[in-house]
Amino acid sequence: MPPGHRPSWDPRHQPCIPVVTVDGATAHYSLRALLTGADELAALDCASPGENVAVIEYLLAICFASETCPSSDKEWWSWVVDKQDLARAAKWLADRPDDAWNLFHPSTPLLQNSDLAADLAESGTGTAQLVIEHAGDYNQLFDHHHLERDNPLPAADAFRATLTQHVYGPYGRARMSGKQLGAKVTNLAAGRLTGRIRVVALGETLGETLRLNLYPPDGPTGSLNTSWTMEGVERRTFREKAKPRVPRGPADLHSALGRSVLLRPAQAAQGQIAVDRVLIGAGEVLELDPERHLQDAVFSNTTSGVRKPLWPSPSRALWQEAHALYSAVRDNEKGLYARLRSLPYERRGVGAPYQLWAVGLLANKALPVAWTQGAYPYAPGMAAHLYRASRRGSDIAEYIARSLKNAAVVAAEIAFPALRAADEAGQVARLDARWDFWPTAEDPFHELLDEVVDRGPEDDDPVSEPLVAYALGLMATARTQMLRRLDALPPNDRNNRARARAVQRFEDDMSGDWAPAELRGEIARD
């Protein structure tokens, strides 16, 4: 590409968002086409759960900026039930100036901070830094040569990756000196959704999903953040520690620039526009009010008693916390979950009309590790039933897992009587079937919830019988997995005794009065 050439690139018209249509076909749509045909599309089909969430956030921001949003909970209800179209937002996009949407504009590049230009040549890296799943820990004090690899990224992919950085970028240090803008540009704050579970209500189409997650603004809707240097917006500087600012409305909130990003355009091998170098520095820091700005958040208490939004955990699967989502729908007096509870329920065949989709980013300090996600069925009028099923379903799985650990400890104590304390954990782990059990427990849990929904609110007790079947199925699976682990012990008198005692301990745990009633084939009275 000729030096100094900055190609025009307009996401309102360029095909940049992968989607799945209601017919099951895959395609790429521009932002404007997404909003115009939202009720003909089943869902987004981006590269990761986090990228899907980031695009939804941006579409919500566009809706708010164009005042395509309900003015009250009553109007929200009508929007969802009557399938209000989003044509106003599409028209608003069409009426915006082209320069506001140019990913490579010299002074106001879309989603970016052109003030980084002086640092880009010296400190820019390969495109791996832009994609959260590829970047790893890009602390400037370490030698991460993968960030220097020449791997141009298509402009559409870079656009979506930039959206994801703004929302989910982890904290850490930027790979730049800060000589130009100030030292604080190297202090990367955690993104707005980093460290918590974002819950998105999913409908049967993308249009329904957007309507479900729009909400009545409690003041001005605010303006869309198209660029760090856009006119009329005063941004933070990087000479001193950032002072968190209150969002200027929902459009500002959902499009907040949590990073300073700059992308360098290049010509790809096939002639299309790509990005070959990137630079990432600190962005804005928001002061968020839990009631105003975290309507989807489900609050829980940490072990130290601190109340905070539900967070992704490396040691506890997300499905084990599904009951917290149903509890919010059942009990919350306002916000997203109260609105969901207010919807009518007209059964249209099997399956739930809505899903509660929970997404989080697992990270080890500044190192992104993996996305965690789960979709849980919701039908209006069934929150209490689904809460009971998910709560007891999680408790039953936990109890079985503890029993597997107990059996492994018993077997290890007998099989290895002279075991040194330092080796005990390893020998117990060899016989512990929990690690086999947990991955196989998730599908039965989802099947349990689906069956509860299919039985419907007209059933006086749609939960108890499915719970018993679920519990007995999990118990049978766990027993098989335990026996497989115990079979690793070589056959001799001591090991035979270890196997027999471990199996007896497991069976005692399953049939004891202290066990969940469903494991004994009984209906729990709770």
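For the stretch 168-181, the set of residues classified as open to solvent by 10 Å² or more (accessible area, probe 1.4 Å), closer than 29 Å to Asp10 by Cβ and not in a loop (DSSP other than H, G, I, E, B) is empty. Per this entry, Arg330 is counted among residues that are open to solvent by 40 Å² or more (accessible area, probe 1.4 Å) and within 25 Å of Glu204 (Cα to Cα). Screening the candidates Pro466, Pro490 for the property of being farther than 23 Å from Ala515 by Cβ and either within 33 Å of the chain's Cα centre (by Cα) or surrounded by fewer than 16 Cβ atoms within 10 Å (Cβ to Cβ) (or both) yields one hit, Pro490.
For the stretch 189-229, give me the residue count where each residue is in contact with a helix residue (DSSP H, G or I) (Cβ under 8 Å, 6 or more places away or on another chain), under 23 Å from Lys179 (Cα atoms) and surrounded by 17 or more Cβ atoms within 10 Å (Cβ to Cβ).
Our first condition is that a residue be in contact with a helix residue (DSSP H, G or I) (Cβ under 8 Å, 6 or more places away or on another chain); within the stretch 189-229, this holds for 191-194, 197-203, 205-218, 221-229.
Keeping just the survivors that are under 23 Å from Lys179 (Cα atoms) gives 227-229.
Filter once more, so that each one left must be surrounded by 17 or more Cβ atoms within 10 Å (Cβ to Cβ): 227-228.
Total satisfying the criteria: 2.
For the stretch 333-352, give me each residue that is in contact with a Pro (Cβ under 8 Å, 6 or more places away or on another chain) and open to solvent by less than 20 Å² (accessible area, probe 1.4 Å). Across the stretch 333-352, the qualifying residues are Leu340, Leu343. Comparison of Ala94, Ala100 shows that the only residue that is within 17 Å of Leu163 (Cβ to Cβ), in a helix (DSSP H, G or I) and more than 26 Å from the chain's Cα centre (by Cα) is Ala100. Which of (1) farther than 18 Å from Val55 by Cα; (2) of a type outside the set (S, T, N, Q); (3) in a helix (DSSP H, G or I); (4) open to solvent by less than 40 Å² (accessible area, probe 1.4 Å) does Lys184 not meet, given it meets every other one? Condition not satisfied by Lys184: (4). Which condition number in (1) without any contact (Cβ under 8 Å) to a residue 12 or more places away in the chain; (2) open to solvent by less than 30 Å² (accessible area, probe 1.4 Å); (3) not charged (D, E, K, R) is the one that Ser315 fails? With respect to (1) without any contact (Cβ under 8 Å) to a residue 12 or more places away in the chain; (2) open to solvent by less than 30 Å² (accessible area, probe 1.4 Å); (3) not charged (D, E, K, R), Ser315 is out only on (2). Residues that are open to solvent by 50 Å² or more (accessible area, probe 1.4 Å), more than 27 Å from Ala118 (Cα to Cα) and at pLDDT 95 or above occur at least once in the stretch 238-247. When the stretch 120-154 is filtered for residues that are under 18 Å from Gln267 (Cα atoms), at pLDDT 70 or above and touching a Gly at 6+ places or on another chain (Cβ under 7 Å), the ones remaining, listed by number, are Asp150, Asn151. The sole residue among Tyr345, Tyr326 that is out of contact with any Asp or Glu (no Cβ under 8 Å at 6 or more places or on another chain), of a type in the set (Ser, Thr, Tyr) and at pLDDT 90 or above is Tyr326.
Close contacts from the stretch 439-451, counting a first residue that is without any contact (Cβ under 8 Å) to a residue 40 or more places away in the chain and more than 12 Å from Thr477 (Cβ to Cβ) and a second that is part of a helix (DSSP H, G or I) and open to solvent by less than 10 Å² (accessible area, probe 1.4 Å), with Cβ to Cβ under 8 Å and a gap of 6+ residues or different chains, come to Glu451/Pro466. Applying the set (1) under 27 Å from the mean Cα position of the chain (by Cα); (2) touching a residue at least 40 places away in the same chain (Cβ under 8 Å) to Ser71 leaves exactly one unmet item: (1).
Okay, residues lined up against (1) in a loop (DSSP other than H, G, I, E, B); (2) modelled with pLDDT of 95 or more; (3) open to solvent by 10 Å² or more (accessible area, probe 1.4 Å):
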position: Pro11; (1), (2), (3): yes, no, no
position: Gln14; (1), (2), (3): yes, no, yes
position: Cys46; (1), (2), (3): yes, yes, yes
position: Val55; (1), (2), (3): no, yes, no
position: Leu60; (1), (2), (3): no, yes, no
position: Trp77; (1), (2), (3): no, yes, yes
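Which residues, counting only those in the stretch 272-294, are under 29 Å from Asp119 (Cβ atoms) and open to solvent by less than 40 Å² (accessible area, probe 1.4 Å)? Across the stretch 272-294, the qualifying residues are Ala274, Val275, Asp276, Val278, Leu279, Ile280, Gly281, Ala282, Gly283, Glu284, Leu286. Residues in the stretch 34-44 that are over 28 Å from Pro368 (Cβ atoms) and either among the charged types (D, E, K, R) or in a helix (DSSP H, G or I) (or both): Leu35, Thr36, Ala38, Asp39, Glu40.
Restricted to helices (runs of 4 or more DSSP H) entirely inside the stretch 425-526, those with at least 2 residues that are at pLDDT 95 or above and in contact with an Asp or Glu (Cβ under 7 Å, 6 or more places away or on another chain) are 464-486.
The values are calculated or read from the model by the stated rules, or taken from the named source; none is laboratory data. All figures in this text were calculated on a predicted structure; none of them were measured in a lab. Positions of Cβ are generated from backbone atoms using ideal geometry, with glycine treated the same way; all protein chains shown enter the neighbour counts. The accessibility values were calculated without ligands, DNA or RNA, using every heavy atom of the protein model including side chains. Shrake-Rupley method; radii C 1.70, N 1.55, O 1.52, S 1.80 Å.
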